[in-house]
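The values are calculated or read from the model by the stated rules, or taken from the named source; none is laboratory data. For clarity, every value in this text was computed on a predicted model and none was experimentally measured. Because the Cβ atoms are built from the backbone with ideal geometry, glycine has one as well, and the counts that use them run over all protein chains shown.
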Amino acid sequence: MSRLRIGIDVGGTNTDAVVVDETGKVIASTKSATTPDPTDGIRSALEAVISGVDKSAITQAMLGTTHPANAIIQRRELEQVGVLRLAAPSSLAIRPGAAWPEDIHRAVIGPRAIIEGGFEYDGVEIAPLDEDAVRRFAYECVGKVPNVAVSSAFAPASSEHELRAAEIIEQEVGDQLRVSLSHQVGSLGLLERENATILNAALFGVARRVVEGFHAALRAHGLAVDSYLTQNDGTLMTADEAVRLPILTVGSGPTNSMRGACALAGLSNALVIDVGGTSADVGILIDGFPRESSAAVEVGGVRTNFRMPDLISIGLGGGTVVRPAADGVVVGPDSVGYRVISEALITGGSTLTLSDISTRSGRLSGFGDASRVADLDANVVSAALAWVDEQVQLLCERMKASRTALPLIAVGGGSHLVPASVPGVDEVVRPAHHAVANAFGAAIAEASGGVDRVYRYESLGREACIDNAKQLATEAAIRSGADPARVRITSVVEVPMTYLPGQGCRVQVKAAGPLLVA
Amino acid sequence: MRELTLEDLDDMVLGATLLGTGGGGDPYIARLMVRQAMEDFGPVTIVEPGELDPDGLVLTVAVIGAPTVIVEKVPAGTEFTGCVQALASYLGKQPVALMPIEVGGMNTLIPLAVAAEMGLPVIDADSMRRAFPQIEMCVFTLAGISASPMSVADEKGNRVVFEATTNQVAERLARASVMQLGMANGISCYSMSAGDIGRYAIQGSMSYCIELGRRLAAVQRGELNAFEDFLDFADARLYFSGKIIDLDRRTTGGFARGTVVLEALGDPNRTMRVEIQNELLIAFEDGRAVITTPDLICFLDYENAQPITTETLAYGQRVNVIGLPCAPEWHQPGMLDIVGPRAFGYDVDYVPMEVNAR
């Protein structure tokens, strides 16, 4: 009997769910509007998708959700956090919470202290951990804030002081403070990692409610399965881990969408275009993972060092407004958005949109009433289509990393606009079930592990250092649940340290593999 | 004399990133330092050298170390005040002002934070008006001015002061100290009188950086004609719009060397190759050198006009390649010996930007 897994994606507009078998075949799918209390949406999506499926065959459930991201963006349900930095005397020139927008600073940041501790790049202590200062800080926080974020200099390489500080806080005040440690949250870059650690702690309450809601929904349907949440990089963590590390889920939406689209098409290297009502996003998948943007990512106005998929967006969607002009047409940039269902000509409205153009040209059928656009000026139609085709080609050109032609996967409600062939693209693929690509992406996600630290190549040699990093990443992936027999290295990034003699190098390695099923 | 505003600071950060020509360290951390120093100690004043006592002592102050370390071991402040105090005490004289040695990258802003804390003005001048990787690569070396005595300090209170026979030896001694002091340190060197700053430094560098950043910010906001205005102001030129199709990086002797190859957007037959040693040093279009050090090569993100540092270069990135002529003060005998292509080991002749423009 084939084992089944459920993927659920709670987006800003829709909640999608799929049931997938071991070969990646979609057994059932559903799409419904996201509810004001998202757990209601999870429960009803779950109910719809498993009706008619053998429940006893379901072994795992994966959730991708925008709850934590929305909590930060809308400054809702965030808890206060005490901020403890272990780095003095270094770092005193920049206090924790510097450059945070005022509203979220006020909502989140409680007592702050920079105390002695932390490490140099080579693992030597900057100063011994000031354990008395940790105790004093814990007592200062109790009763004022429920959570504490602890960050030390070079924690991704040397986590001892953070772990010791957490131990002291626990000994002193027990469960009166919940602790978030930076080495579990982010990579090199103390200020950005500290920011992410504070946000992580601020999300503890939201995360607990999401996971409890998810588990309650599973229980209500009699599903005793392993539960996971998807992370920014498209891999999984257990629901229990997600309660401790909710910040790692904030960017999972676009990642799930791209990975889902690619897997539905049976491809691992491809361009993906997601055309909605208002805009089109193009990204690229390399070996099944989205290429990441190199820029620092802000979450709700707070700078973090997460990497998010590299996407280019333009105003091209099903609701984009088309205006005839003297020498052709002007397309967009405005759009009627989701109101395309009532405002486009084909749906009885009075605005000429790209959906009308698409219908008149035969690219779109089965939506609205085609007879309403039968009299459209052929020149307007061909000029608007020429604009669309040029934009799609340009987007693909700009996203591709090499001259090699790649397939283009077209998904989303407006993907009918994508032409059947695009110069520089092998073929345009429109996978079945693409409307639930996000949930599918969650359902097929893998377990992963990573390492990010500074190595000195002159002592061990480059090969040995990289091998060590790969080994650590592989072990981390296996600890996260990856099948040891199938875990593989998914990325190796070396960034040489500039401006100094010697061969110091920052090495980032990620490993991932399918979940080991007991 | 004028007070620096927070708005100036934002423009200066953008200008400094651009003048980093891909290197110089991300000024983001330095900006946060300056903001905190201004909050804690009050505003910073920018002065012309002529406004000071011509015999008054001026000290430069800068961060020296590895950007990868500095993002993790964030400055304390005391490494900078410490190196200034150490050098002042060695010279037996207190400074009347501080000055950036390098307007380009994070060192543009470091003196502002230190000046706020020490209650000193900052001189609107520097010695590079771009980023360069070594202490001797500045117009002071051309004028025969010694970098030493110089001081290096850490955040714990360790300080060294030393004298060197040449600026090249001073550079080596400074790096050796940094290796032992945690790779994120303060350095003070090129102590001079305010009168000599007026004679030998690149004048108006801070204002230039702010003005450049202000114009680039207008480009980023998508203002009409902003890009042309930005290019006009800097006598700059857009050389190439392309996508990174190859990136080769290696570290040798403390220098992140590398080569990046761009393919023109919309024309796969046109390519540009750019040689990197921490900074972007030489750009070749179809095999011919078109922009050469000390003129500036800057990569701007094709989408948002944000200057891109070499550490964040990635396959597929879309960039505009801009050439900016170096400060006119560079054009004097000896320039090519210390900062021309051959000084960085490339068998390429310097190509003045004006020649290209015609």
Restricting to segment A:172-203, give me the number of residues that are more than 17 Å from residue A:97 (Cα to Cα) and either outside the structural domain of residue A:137 (by TED's automatic domain parsing) or among the basic types (Lys, Arg) (or both). 1
Subset of segment B:59-105 [of a type in the set (A, V, I, L, M, F, W, C), under 18 Å from residue B:119 (Cβ atoms), outside any helix (DSSP H, G or I) and within 14 Å of another protein chain (Cβ to nearest Cβ)]: B:61
Scan segment A:147-190 for residues that are farther than 27 Å from residue B:26 by Cα, without any contact (Cβ under 8 Å) to a residue 60 or more places away in the chain and assigned to a strand (DSSP E or B) and jot them down. A:178, A:179
Answer yes or no: is there a residue in segment B:162-177 that is crowded, with 19+ Cβ neighbours inside 10 Å, at positive phi and not hydrophobic (A, V, I, L, M, F, W, C). no
Result of the Cβ filter at 9 Å on segment A:403-419, keeping first residues that are in the same structural domain as residue A:275 (by TED's automatic domain parsing) and partners that are of a type in the set (Lys, Arg) and outside any loop (DSSP other than H, G, I, E, B), at least 6 apart or interchain, is none
Do we have residue A:113 as over 16 Å from residue A:200 (Cα atoms) and either crowded, with 21+ Cβ neighbours inside 10 Å or in contact with a Pro (Cβ under 9 Å, 6 or more places away or on another chain) (or both) here? yes
Do you know which residues across segment B:129-148 are closer than 21 Å to residue B:52 by Cβ and in contact with a Cys (Cβ under 8 Å, 6 or more places away or on another chain)? B:129
Filtering segment A:392-410 down to residues that are in a helix (DSSP H, G or I) and touching a Gly at 6+ places or on another chain (Cβ under 9 Å), which residue is farthest from the other protein chains (Cβ to nearest Cβ)? A:396
Pull up segment B:137-154, narrow it to residues that are buried (at least 21 other Cβ atoms within 10 Å of the Cβ) and part of a loop (DSSP other than H, G, I, E, B), then point me to the one that is farthest from the other protein chains (Cβ to nearest Cβ). B:148
Let me confirm something: among B:352, B:341, which residue is under 21 Å from the mean Cα position of the chain (by Cα), more than 14 Å from chain A (Cβ to nearest Cβ) and at pLDDT below 95? B:352
With A:285, A:271 as the choices, which residue is surrounded by 18 or more Cβ atoms within 10 Å (Cβ to Cβ), over 15 Å from the mean Cα position of the chain (by Cα) and within 13 Å of another protein chain (Cβ to nearest Cβ)? A:271
Answer yes or no as to whether residue A:436 is out of contact with any Pro (no Cβ under 9 Å at 6 or more places or on another chain), in contact (Cβ under 8 Å) with a residue 40 or more places away in the chain and part of a helix (DSSP H, G or I). yes
If a residue has to be in a strand (DSSP E or B) and either surrounded by fewer than 22 Cβ atoms within 10 Å (Cβ to Cβ) or hydrophobic (A, V, I, L, M, F, W, C) (or both) to count, how many in segment B:106-131 make the cut? 3
Can you find, within segment B:47-66, the residue that is farthest from residue B:209 (Cα to Cα) among those that are touching a helix residue (DSSP H, G or I) at 6+ places or on another chain (Cβ under 7 Å) and surrounded by 22 or more Cβ atoms within 10 Å (Cβ to Cβ)? B:65
Expected single match for of a type outside the set (S, T, N, Q), over 23 Å from the mean Cα position of the chain (by Cα) and surrounded by 20 or more Cβ atoms within 10 Å (Cβ to Cβ) among A:150, A:142, A:173, A:211 is A:150
